[in-house]
Amino acid sequence: LSSITALPAAISTGKVLQTIFAYHETQVSSTANSYSDTGLTGAITPSSSSNKVLVFIQQPIGKTAANTWTDVKLQRGSTDISIVKSVSYTGEATANYVGTGVGFNYLDSPNTTSATTYKTVFRNVAAAGSIHAQVDTGMSTMILMEIEA
């Protein structure tokens with residue numbers, strides 16, 4: 001330690017400037033092959049338009065029919081920015097209940113200093129039986145972190 005004469009200058013990028021936590025616990029179901037809200041949503045207001053938003057999602061997803069599965073999208077406002085396909089797919093020929101979940105991260109560049117809303121939407125791809133988000137009122141979570149650019 002005696003040979004250190006100065007510490008490096010502070011790194012001006014990559015700092016976490018704010019963190020927002022959102023959750024949803026009400027089960028949402030769908031029988032349709034069209035996207036609908038899962039109920040999980042969060043909003044953040046970036047302090048600079050050049051900053052990034054790091055999104056973390058954990059969401060319990062399940063289904064109650066054979067040969068159906070779920071696609072889950074992350075949206076900024078109404079714009080699709082990420083998709084996770086074939087959640088809880090088993091390919092079995094008989095009816096079943098499969099409760100799995102989806103967890104993913106996404107680094108977004110919203111290019112704004114306005115309040116920005118993120119949400120997940122899902123669909124019942126084969127439109128067979130029903131799919132569920134927040135299965136049995138399990139908690140879905142979203143963490144939004146503003147990262148200095």
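Before we move on, is Ser29 in contact (Cβ under 8 Å) with a residue 60 or more places away in the chain and in a loop (DSSP other than H, G, I, E, B)? No.
In region 113-137, of all residues being modelled with pLDDT under 95 and over 21 Å from Lys85 (Cβ atoms), the one that is most open to solvent (accessible area, probe 1.4 Å) corresponds to Asp136.
Scanning region 17-33 for residues that are farther than 19 Å from Gly138 by Cα and open to solvent by 70 Å² or more (accessible area, probe 1.4 Å) yields Leu17, Thr19, Thr31, Asn33.
When the strands (runs of 3 or more DSSP E) confined to region 33-149 are screened for residues that are of a type in the set (Asp, Glu), none reaches at least 3 such residues.
The values are calculated or read from the model by the stated rules, or taken from the named source; none is laboratory data. If you're wondering where the values come from, they're calculated on a predicted model, not measured in any experiment. Please note: Cβ atoms are built from the backbone with ideal geometry, for glycine as well, and neighbour counts cover all protein chains shown. Surface accessibility is based on the protein's heavy atoms, side chains included, excluding ligands, DNA and RNA. Shrake-Rupley method; radii C 1.70, N 1.55, O 1.52, S 1.80 Å.
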